[in-house]
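See structure below.
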Amino acid sequence: MILDYIKGFLTLFLLIKILLYFVPKNVFEKYITFFAGVILVIGLLYPMFRFLSEEGSVLDNLQYEEWEKRLLEVAFEAKELEEKGAIMMEKVYQETVEEQTENTIMIETIKIGGETQIGGGDE
């Protein structure tokens, strides 16, 4: 990769030098020289631009992975809450059934006790 970059830059440099050799010595020479210099600077900075653009995609991938990890954590927490809610509902249901059973037993006991007293007093 680095060797390919060096070959490409040297080829660009030689092409610019050949172009400058064939340019006539007139008023446009300084503009063409300036433009050739700009092209060489861009050629030198190309790997840095490429790295920065790749780094941006790497950062995007890292952010996506972090978001996906957090999403899985939230889904896991939601499942835990759902399970805890089901356990709580079951406990509340059992307590309610126990209370109703106790109340029913007390009412039946009072009814039976009242009938027994009434019935016992008559006999």
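A few points about this structure:
- Among all positions in segment 84-99, there is at least one residue which is at pLDDT 85 or above, surrounded by 10 or more Cβ atoms within 10 Å (Cβ to Cβ) and among the polar types (S, T, N, Q).
- Of residues in segment 1-27 being charged (D, E, K, R) and closer than 14 Å to Tyr46 by Cα, the one surrounded by the most Cβ atoms within 10 Å (Cβ to Cβ): Lys7
The values are calculated or read from the model by the stated rules, or taken from the named source; none is laboratory data. Fair warning: this is a prediction, and the values are worked out from it, not measured in the lab. Note that each Cβ is placed from the backbone with ideal geometry, even for glycine, and that neighbours are counted across all protein chains shown.
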